[in-house]
Amino acid sequence: MSIKILVTGANGQLGKTVKDLYNDNSDNFEFFFVSKSELDISDRKTLNEYFAKHSFDYCINCAAYTNVEQAEESIEDVFKINANAVGFLAECCKKSNTILIHISTDYVFDGKKDTPYLETDTTNPINQYGRSKLAGELKIQEILKEYFIIRTSWLYSKHPKNFVTTIVSKIKEGADLTITTSQKGTPTSCVELSKFIHWLIKSESKDFGMYHFSAKGEATWYDFAMRISNHFKDYDKNKIKATTSFKSKAERPEYSVMSNSKTQKHYNSQNNWSEDVDAVVNQILANN
Ligand SMILES: NC(=O)c1ccc[n+]([C@@H]2O[C@H](COP(=O)([O-])OP(=O)(O)OC[C@H]3O[C@@H](n4cnc5c(N)ncnc54)[C@H](OP(=O)(O)O)[C@@H]3O)[C@@H](O)[C@H]2O)c1
């Protein structure tokens, strides 16, 4: 019997990365990738009907409202998807004995700490996106026992649009860039997160609960951009200026590095963030 895995929000960068890596039915996994137009998780009726028709062992929820800036003005929409819809999905998973693997964020923290955040640290989101993602976590914890919530940070991939693909395009245009040093976090590759999700399923782990997953180390957005620029010999790095200011509608945590220590007790394959950035930039350059 194959293990049936539903991937919601499959047209996002994480969904696409899971598809790139694991769409070949190896490990006896059978994936069902559904985009927003195929399955809108905020449509409770359609979701119930879908789960009544199909049965899954796992659901990887890659669907989310991820525009942190827009979220400040579209509060109803962001809560509809990141909180209420996540509750609907959790109810469907409960009814159908499906293990939910849900992705959450470092933005559930306020960034006032100066050491890496643990799963047990108090949450206190400071923007609407973070508040909505926390509300989604709480719904899952209320409804389900068999779930994994994976908090991750600063996700990027070869699939546009994210910080890496944006900076690569700007550098190719020879643009001058001003990048902030006012936030510290950990850039995390969708490839590495997808490998962790794959491992969770393959290992048949029953250690349900909350996990932090990011690459090793910490960086500012300026450090992140400089690392990307290393790949462009003809680009003058002095064109990238550091700034301590950051114009944004959404307040951002100054420090959102997460501790991987709980995750590493089970899975210890994280690289330093900079190595993973190199791998993805090389992938992007190889494809162009
Ligand atoms: N990106 C980051 O830096 C970051 C950091 C930490 C955590 N995360 C979390 O990681 C997860 C994956 O993020 P990502 O970067 O892959 O995001 P993404 O690229 O924006 O993908 C999200 C996907 O969800 C879809 N979606 C939106 N509303 C939906 C709905 N009602 N029903 C079904 N699908 C819906 C979107 O479709 P449309 O584009 O058509 O709306 C999009 O394809 C999310 O839970 C996010 O909160 C992301």
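Just so you know, all these numbers are worked out from the coordinates, no wet-lab data involved. Quantities reported herein were computed from a predicted structural model and do not represent experimental measurements. As a convention, Cβ positions derive from the backbone with ideal geometry for all residues, glycine included, and neighbour counts pool all protein chains shown.
Numbers below:
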item	result
Fraction of beta bridges assigned by DSSP in the range 94-224 that are antiparallel (%, nearest 5)	15 percent
Whether the range 145-188 is rounded, prolate or oblate, judged on the alpha carbon gyration tensor where a/c under 1.5 counts as rounded	oblate
Rounded to the nearest 20 debye, dipole of the range 14-147 from Cβ charges on Lys, Arg, Asp, Glu	360 debye
Environment charge at Asn230 (Cβ cut-off 10 Å; Lys +1, Arg +1, Asp -1, Glu -1)	+2
Structure-based [θ]222 nm, the chain - -39500 (n - 2.57) summed over DSSP H runs of at least 4, per residue, nearest 500	-11000 deg cm²/dmol
Folded to 0 to 90 degrees: helix 85-95 orientation relative to the chain principal axis, Cα	40 degrees
Nearest-ten-degree value, helix 128-143 long axis tilted from longest Cα axis of the chain	30 degrees
DSSP-loop GluC sites (Glu not before Pro) across the range 4-96, with at most 14 other Cβ within 10 angstrom	Glu38, Glu73
Where trypsin sites (Lys or Arg not before Pro) fall in DSSP loop in the range 145-186, at most 13 other Cβ within 10 Å	Lys145, Lys161
Distance between the range 124-194 and the range 43-81 - C-alpha centres, whole angstrom	17 Å
Cα shape, the range 1-102, gyration tensor, a/c 1.5 rule	oblate
DSSP beta bridge pairing in the chain, given as percent antiparallel to the nearest 5	5 percent
Residues whose placed amide H lies under 5 Å from that of Ser256, excluding near-sequence neighbours	Lys184, Gly185
For the range 59-64, Karplus couplings with θ = phi - 60° (6.51, -1.76, 1.60), whole Hz, Gly/Pro x	10, 9, 8, 9, 7, 6
His159 long-range amide H proximity, modeled H, under 5 Å	none
Helix 44-53 axis, angle to the chain major axis (alpha carbon atoms, nearest 10°)	60 degrees
In order through the range 174-186: 3J(HN,Hα) via Karplus (6.51 cos²θ - 1.76 cosθ + 1.60), integer Hz, x for Gly, Pro	x, 6, 7, 10, 10, 10, 7, 10, 8, 10, 10, x, 10
Rounded, prolate or oblate (a/c below 1.5 giving rounded, otherwise prolate when a/b exceeds b/c) for the range 187-288 by Cα gyration tensor	oblate
Principal axis dimensions, the chain - Cα atoms, whole angstrom, descending	57, 39, 38
Residues whose placed amide H lies under 5 Å from that of Ile103, excluding near-sequence neighbours	Asn61, Ile150
Within the range 165-214, GluC sites (Glu not before Pro) in DSSP loop having at most 12 other beta-carbon neighbours inside 10 Å	Glu204
